[in-house]
Amino acid sequence: MSLSASRLVGVALIFAGITVSLWLALGVPQEWTGGMRWAGGALRLTSLGAIVLGACFLYPDRATRTPDGASHGADAGTPDGPDGSRV
């Protein structure tokens, strides 16, 4: 998936999750009793999961690694010593 499509899906998921969370907190479900209370709890967890998944789509982990395990980054040419100092 391209980066722009991934970010679009991420924004949509976050918006949907926040919308459902606000509806659950401020809307009609406060009067739900019995089994519907369990459904509301599941819906709350699902909306939280949608927000987290949207954040994962919005900020994807694009770290690439070389075969020897060293990462490509700003300090890839300067490895740390055993005590954390630069060598």
When region 51-62 is checked residue by residue, the ones that are more than 8 Å from the chain's Cα centre (by Cα) and part of a helix (DSSP H, G or I) are none
Residues of region 13-45 satisfying the condition of being under 16 Å from the mean Cα position of the chain (by Cα) and surrounded by fewer than 14 Cβ atoms within 10 Å (Cβ to Cβ): F15, L45
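Residues are listed down the side, and each one gets a yes or a no for (1) closer than 26 Å to T19 by Cα; (2) at pLDDT 90 or above; (3) touching a strand residue (DSSP E or B) at 6+ places or on another chain (Cβ under 6 Å):
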| residue | (1), (2), (3) |
| --- | --- |
| V52 | yes, yes, no |
| S71 | no, no, yes |
| P79 | no, no, no |
| P82 | no, no, no |
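The values are calculated or read from the model by the stated rules, or taken from the named source; none is laboratory data. Quantities reported herein were computed from a predicted structural model and do not represent experimental measurements. Cβ: placed from backbone, ideal geometry, glycine included. Neighbour counts: every protein chain shown.
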